[in-house]
1. Normalise the Cα radius of gyration of region B:47-114 by 2.2 N^0.38 Å (N = residues in it) and let me know the number.
2. Relative contact order, percent, of chain A when contacts are C-alpha pairs under 8 Å separated by at least 6 residues?
3. For B:R409 and B:R196 in one chain, what is 0.36 nm times their gap in residues minus the Cα-Cα distance, to one decimal in nm?
4. Got a number for carbon plus sulfur as a percent of region B:1-92's accessible area, 1.4 Å probe?
5. Regarding region B:443-528, what's the average projected area of the Cα-atom convex hull, expressed in nm²?
6. Add -39500 (n - 2.57) for each DSSP H run of 4 or more in chain B, then divide by its residues: what number comes out at 222 nm, to the nearest 500 deg cm²/dmol?
7. Beyond 22 Å, how much of the Cα-Cα pair distribution for region B:1-147 remains, as a whole percent?
8. Given Cα pairs under 8 Å that are at least 6 residues apart, what percent is the relative contact order of chain B?
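The values are calculated or read from the model by the stated rules, or taken from the named source; none is laboratory data. Keep in mind the model is a prediction, meaning the values are calculated, not measured. Virtual Cβ from ideal backbone geometry, glycine too; neighbours counted across all protein chains shown. Ligands, DNA and RNA are stripped out before the accessible areas are found, and what is left, the full protein with its side chains, is counted by its heavy atoms. Shrake-Rupley method; radii C 1.70, N 1.55, O 1.52, S 1.80 Å.
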Amino acid sequence: MAFDRTEPPGEAVLAETPEAAYSLEFGRTYVAPEEVREFVLLSEAQQRTLAAWAERLIPAADSWPSADEVDAHMYADNSAARSPLLRSMLLRAVELVERQARAAHGHAFAECDAGAREQLLGALTEGEDAVLFDLVLELVFEGYYRDPRVLEVVEERTGFRVKAPVEGVALEPFDESLLERVKGLPPMFREVRDA
Amino acid sequence: MPDRADPDVLVIGAGAAGAALSWRLATKGASVLCLEEGDWVDRDSIPKGHLDWEVRGRHYWNPAPSIRDRDVDYAVTNAGENPVDPFMYSAVGGSTIGFGAQYWRLQPSDFRTRTLDEFGVDWPIAYDDLAPYYDINERESGVSGLAGDPTGPERPQPALPPNAMGATGRRWAQGFERLGWYWWPQDSAIVSRDYRGRPACINRSQCAFGCPQKSLSSADVTYWPPALEAGVELRVRARVRRIVLDRRGRAAGVEYYDAEGRLHEQRAARVVLCAGGIGAPRLLLMSATEGHPDGLANSSGQVGRNFMVHAQTLVAGRFPDSTEAYAGTVGAMSSRQFYETDPDNDFVRGFIVAGNRGYSPLLTALQFREWGDAHHEKLEHHLDHDATVYLCGDDEPEEHNRVELDHGRLDEFGLPGVTTSYTLSENSRRMVEAAIVRGTELCMAAGAESVRDFGVAPGFGWHLLGTARMGSDPGASVIDADHRAHDVPGLYVADGSSMPTGGAVNPANTIQAMALRAADRVWDGRDD
């Protein structure tokens, strides 16, 4: 995507249409909010790693809670647990970042400071393990942006009325007077003799 | 042995086309049996009935069958230089259960693109052949809109007034006015007033995530209730494995699996295939016989070829004020200013410029994928400040773009999946580049501070067309002007696959109008 430009592009870019293998598993990995009560896949140590990872993906700021504060990482655990491929990928992701933290800093990922964690995760975004990072990001984002506490802040900070898609909302009706000019224009479509 | 008294017509597929066609036939007195591989939508499962609708929509409601991967789905793998991601649901109502409901008519020129522009092929029918069926379909579906658009032929006043426009609709209108372009409020199959027992839209937005209150005119809530009342028998979770012929080579019925995988044989006087741009060629190819070794109705070699998805993209503008991204129908205001061939362009045919709505929280976050300390700032900058321009252009039918069977990925009962292959034509590439420029102009004229676009080939598979096309020449098409298979008496195809070219607009209205017309042709030809 060509972001935030103010002029037409000189030459439009070809879009990339990646289809990550893990996304093919998503159909079977929905977990309802009331079903997310405890971890089912990760050990306690792994939970701490994933919590620290989630916190770096979406840190607390202003009235925004961090992703781990709303248990987005528990959702990631529960969702991944429903697919053999996702189970394996999430475990691999957690083990990889843990191993790299110990190699680089001599202690657990969760014990690294924010800067070190960010650096470790940034390194993960490139190369063949980027798909692991992408999976964690997508699941943590999902867990975050469905949490009622987060949705309240979404509305407060952005104006996006989070209940409108569920409950509806009043909206300005169509104003036909806006068409005054167009109604005065001549017909503009191609006549086809036999049509 | 046959399951029951043979119906006059057996319809395969209960989506947009199958629903309309079944209803129309039944009202004429035909006995109709429709087989649908999916099921009725469990209305409690519709994402927008729940606060976590965005997450539900990415999982079990995902429009990509390979991701959804339910037991009623078959796998679709996407290849080619510009793979597309097909939007298709196996359900009563088909893909309309989550469609955008933008209900355009084709233009008269769309039926004569070869003659006018040396583009694609001419249709064997003309706009006037379809116009009466557009009228019927718009009435039955409950279209909200306004007659009088000077960029199209005259037509009756829609049943309902235009949907609410909101701040974003007004913004697009102002943008069009500043540019001096033609524009008009978007026709939508979303009821703006209570209509035939369905309540008026209350602007819940995000129609792709289903409409719990039935304001969205999906075929399960428009055509199916009256079709059932008129006597159509609908069997769900009935997966057709092949169309069968009698000894004379005439279509005689189908073999299908029920939900438990038990085989049934169902005979009928006529068979109408309404399985969509991917499902229809799949079934024709799966029905190969000794006499039809390359698939049924495929002596032309055109079954599965000419796969068209429209030359589409989006431009998103970022506006300083709220875009009410949480509210309203998908379409707001649209323009056919650039619909026809312009000799000054480096491409032929054209595109629409449609001012639509904005994005939701999770989708915004996932589009940018910003993480770390900048995450919230990025979200706050864009959420409820973005609105999109949908650009849809005429896609050239090309033989190399196609749908084929995939015997490597089987469905629940061992039937093959599908591989699509799609490469954008040079004409389409140039057209989308030009469309992005126009979309950018509209955003800026409407007050955007900046824009972003989704590139030339974003892979949108929302419109699946052309793979069993209609034509006068049996050597270059699959069905004739009356939807009859050239090669197989008693077999008809009526759905998106029937369209020889796609025009430059969302095709649901045309697909259903064609299906209604096909119903009349089937019934009128019942003595053949």
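1. For region B:47-114, the normalised Cα radius of gyration comes out at 1.44.
2. Across chain A, relative contact order equals 20 percent.
3. Working it through step by step, the gained length comes to 72.4 nm.
4. On the way: 1340 of 2820 Å².
On region B:1-92, the fraction of accessible area on carbon and sulfur atoms equals 48 percent.
5. On the way: hull surface 31.6 nm².
One quarter of the hull surface, i.e. the mean projection, equals 7.9 nm².
6. -7000 deg cm²/dmol
7. 60 percent
8. Working: 1383 pairs, mean separation 125.6, N = 528.
Relative CO of chain B lands at 24 percent.
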